[in-house]
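Right, one structure below, let's go through it.
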Amino acid sequence: MRLVDLRSTTAPTKLEVIPQASVAAELLRMIGVLWSSDPNEYDVGAARINELRQRAPVELSDRIQGLIRDEECKDFLILSLLAASLPDPAGIEELLTALDDDPAQSWRLLVAQEAQHLDAVDPDLGVALMDDDDEAFASLRAWAEQDGGSDRLRDLLAADPSEHGRELRKIVTAFRDLIWEEVAEESMAPIRRDVAHRKERLADGADPVAVVVEATNGYEPPEDAGLRRLVLLPSYWMRPWLVIGHRGKGVEVISTVVADQFLVLPTEAPPPALLKLAKALSDESRLRLLRRMASGPISLTEATDSLDVTKATAHHHLSILRQAGLVSMRGTGRATRYALRQNPADTAREALNEYCCRP
């Protein structure tokens, strides 16, 4: 998994974990994947992504790119967090109704997530923005006018909030009719299996934090009494990305990756988890980080200094190690710590034995 960290504050101690199979969330994430500037970033593969994207008429493609104005098209991954506020079953109709009732909510979500990346802004501002707090918007606009902010933030603040939601509604409707209906079962079947497994674990009395760690392949929610609820939204199309964000006071939402065990793979094909493990262990820098973490957890700054690379490069290596199930992460922002999740030698041996000895 790769991580897009969209939070501004820390998370749970006493935790209600809600696994949810949301068609609305997966449709939005699929749009983001199909119109990504680099389809090779996703496990479904560039060939499959390009084949489906080519089915979209020019008008729909223009609408999508006009709404986002983002080469990586990550905004649709963020917009999938809207599903956490929808009534059951959090499907497409529920999303369309929500956009009819409050078309500006999609715009508020993107503004709030963009604001949370700004060091000079109050870290609690994002939640206030999503709650449509007039004072919060006035504060953000004043700050943006004084300091300029990012180009992305200026573009969002200059947009018509309600028109953003109306345009998103048109995109969702067209995508549903032209592309989604053909791939709905392929997309949702593994998601439903993943959600059923997480719910069963929770019903059997499993520690909610342990369920989150398993579902996210290594993300440990920080201990904070402020978070009451954590919604897990597994994704088939978004693999290997992990997207974390807030949807109001005390609610955190994580778009997780459907586990390999719930995918339908060719009999002889090595599982994606084994391929990620082999990739993680094939790089000298990542091996050095594993050796460093054998002595205890490290921060991103410490990983950067240890390898003598940029923070972006160190973060990339740590992300690959976490995708392989070797490293856990805990905390937010500069307080994030990375630690060995399990013995790398044992993990590699078990994964190889399971594949090679599989009937």
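Give me the count of lysine pairs in the chain whose alpha carbons sit under 23 angstrom apart, restricted to pairs 8 or more positions apart or on different chains. Lysine pairs meeting both conditions in the chain amount to 7. So what's the gap between the Cα centers of the stretch 198-270 and the stretch 80-111, to the nearest angstrom? Here the answer is 21 Å between Cα centres. What the phi angles of the stretch 304-315 give under the Karplus curve with 6.51, -1.76 and 1.60, with θ = phi - 60°, is a coupling list of 4, 5, 5, 8, 6, 10, 6, 5, 4, 5, 5, 5 Hz, glycine and proline written as x.
Here the Karplus curve 6.51 cos²θ - 1.76 cosθ + 1.60, taken at θ = phi - 60°, turns the phi angles of the stretch 211-216 into couplings of 5, 5, 4, 5, 5, 9 Hz, with x standing for Gly and Pro. Near Lys199: Cβ cut-off under 12 Å, other residues only, Lys/Arg at +1 and Asp/Glu at -1. The net charge is +1. Compute the FRET efficiency between Glu354 and Leu178 as 1/(1 + (r/R0)^6), taking r as their Cβ-Cβ distance and R0 = 41 Å, and round to the nearest 0.05. E between Glu354 and Leu178, to the nearest 0.05, is 0.55. Would you please classify the overall shape of the stretch 187-242 from the alpha carbon gyration tensor, given that a ≥ b ≥ c denote the square roots of the eigenvalues, rounded means a/c under 1.5, and beyond that prolate means a/b larger than b/c while oblate covers the rest? Since a/c reaches 1.5 but b/c is at least a/b, the shape of the stretch 187-242 is classed as oblate. Once the Cα-Cα distance is subtracted from the 0.36 nm per residue extended length, the Asp102 to Glu16 segment shows a gain of 28.3 nm.
Give the residue list of GluC sites (Glu not before Pro) in the stretch 254-359 that are DSSP loop and have at most 16 other beta-carbon atoms within 10 angstrom. Filter output for the stretch 254-359: Glu268.
With r defined as the distance between the Cβ atoms of Leu265 and Glu200 and R0 fixed at 22 Å, what FRET efficiency is calculated, to the nearest 0.05? Could the numbers behind the result be given before it?
Values: r = 22 Å, r/R0 = 0.99.
That gives a FRET efficiency of 0.50.
Scanning residues 5 or more positions from Val253 or on other chains, those with amide H under 5 Å from its amide H are Val231, Gly245, His246, Arg247, with H placed 1.01 Å from N in the peptide plane.
Net charge near Thr301, counting Lys/Arg +1 and Asp/Glu -1 over other residues with Cβ under 9 Å of its Cβ?
0
Evaluated with a Cβ-only charge set (Lys, Arg +1; Asp, Glu -1), the stretch 166-214 carries a dipole of roughly 280 debye about its Cα centre, given to the nearest 20.
Annotation for the stretch 25-72: trypsin sites (Lys or Arg not before Pro) lying in DSSP loop with at most 11 further Cβ atoms inside 10 Å of their Cβ are Arg55.
Structural descriptor for the chain: relative contact order 25 percent, calculated from alpha carbon pairs under 8 angstrom and at least 6 residues apart.
Net charge dipole, the stretch 265-356: roughly 360 debye, given to the nearest 20, about the Cα centre with Cβ charges of +1 for Lys and Arg and -1 for Asp and Glu.
A dipole drawn for the stretch 132-201 from +1 and -1 charges on Cβ atoms has a positive end, and of Ser162, His197, Ser139 the residue lying farthest that way is His197.
Distances between placed amide hydrogens fall under 5 Å for Trp241 paired with Arg2, all partners being 5 or more residues away or on another chain. A prolate overall shape is assigned to the stretch 265-356, the ratio a/c of its alpha-carbon gyration tensor axes (a ≥ b ≥ c) being 1.5 or greater and a/b exceeding b/c.
Near the amide H of Arg341, within less than 5 Å, lie the amide hydrogens of Val327, Ser328, all on another chain or at least 5 residues away, with H placed in the peptide plane.
The DSSP beta bridges internal to the chain are antiparallel in roughly 40% of cases. Residue order for His246, His164, His315, fewest other beta carbons within 10 angstrom first, comes to His315, His164, His246. The 3J(HN,Hα) values that the Karplus relation (6.51, -1.76, 1.60; θ = phi - 60°) gives for the stretch 236-242 are, in residue order, 8, 6, 7, 3, x, 6, 10 Hz. Gly and Pro appear as x.
Computed from the coordinates by the stated procedures, all read-outs in this text should not be read as laboratory data. The structure presented is a predicted model; accordingly, all values stated were derived computationally and were not measured. So basically every Cβ, Gly included, is an ideal-geometry build from the backbone, and we count neighbours across all protein chains shown.
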